[in-house]
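Step one of this worksheet: look at the structure below.
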């Protein structure tokens, strides 16, 4: 093995090495790093070429929140740093989104009352129903929930990629002050790939099967930036290397069918990162990747948000990933946001019983030999939703008061949509 102490270090580059989101800026002169006692050793965010291997000079020890026992790995506590703009919420009051006394310094994305519907023979499917949230520059929002909860449709609505007959029927999507719902296809095409990018769950939604990888990546660069073909190719090669593609120069000459499914996904991620966009919508991008490559991708994403100020919406089912990557979580159920707030608040003390059910379903919370916990019942059809709270048919705490749709209520960094909020602290 090489004599380089960084490469010889025994700590593996697993996903658990990733730094907590509030600590990503600890090397800035206006930030004081949290070096409280704890167990896991985590890497600092280094230069662009540092990779995911932790060096001794960059390590710190972070304290552990008790809720981390629900996850498969020990994760760092995400305590709020109130002097940092990421924890100064710019949300709106009451039924829309919560609001704090200090607004975000720079709000990049402001979604207000978004409604997306799909007309069918039996009526209108309200896939996204009155969804509101804000996202600051350099901030990461985790969008979680079961399949069919409206997470991906929310992402497609922001990107302007809804397939007919789906359409936005209400609300605003303000991106850097511009309402995306008012833009035409050509205007959206100029934004997509340059200032806004999306990583799809299926990489073949990004890749053309009959074109070489270099052709597709070079076109993605030259369509938005005045650079030569040679410069664009160099950018493409570097992007492939960033996401862990071996021999990137040779791989540029390959076709998508010559890659495995996981490598195709890495190529799709590289294309999304090519132009260093202001906003990335990531729809479960690491589902098909092994844990080592997943850690490398997450490290690159964190580096991008820290160094470039890129905002990120991370759509996922994986609570462990979103716990260490996101600054805030929005939990969706049946097209609505039912809980919203800082990661530590929502994961540590969920107020909505659906959120508590999701966390309780994590296998590591179960004792050996006991039955796995689960949320009873099935997600209701969006065509036949019950009156009031859509979760009440599956909730053990539901009563007659739940027949009226509750508004988002709460304070500070934690808001929920529940008449009888959960009060149990998860340990």
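FYI, it's all coordinate maths here, none of it is from the lab. In this text, all values refer to a predicted model and were calculated from it rather than measured experimentally. Cβ coordinates were reconstructed from backbone atoms using ideal geometry, including for glycine residues, and neighbour counts include every protein chain displayed.
Observations on the structure shown:
- One decimal place: the segment residue 106-residue 370 gains 90.2 nm when fully extended, by the rule 0.36 nm per residue minus the C-alpha distance.
- The packing ranking of peptides 246-252, 132-138, highest mean first, is 132-138, 246-252, where packing means the average number of other beta carbon atoms within 10 angstrom of each residue.
- For the peptides 180-189, 204-213, 299-308, the ranking by mean Cβ contacts within 10 Å, running from highest to lowest, is 299-308, 204-213, 180-189.
- Likely footprinting exposure, 415, 314, fewest C-beta neighbours within 10 Å first: 314, 415
- Region 348-416: C-alpha gyration tensor shape, a/c 1.5 cut-off, then a/b vs b/c: oblate
- Exposure proxy ranking for 389, 418, 395, based on other Cβ atoms within 10 angstrom of each Cβ and starting from the fewest, stands as 395, 418, 389.
- Rough spin-label spacing in nm, given labels placed 7 Å along Cα→Cβ, for residue 257 and residue 378: 3.7 nm
- Global form of region 94-333, assessed from the alpha-carbon gyration tensor, a/c cut-off 1.5: prolate
- The calculated FRET efficiency for the pair residue 425 and residue 215, based on their C-beta separation and a Förster distance of 41 Å, comes to about 0.15.
- Distance between the 7 Å Cα→Cβ label points at residue 118 and residue 227: 3.7 nm.
- Stretching residue 291 away from residue 163 to a fully extended chain increases their span by 42.8 nm, per 0.36 nm per residue minus the current alpha-carbon distance.
- Peptides 324-331, 220-227 ordered by average Cβ neighbours within 10 Å, highest first: 324-331, 220-227
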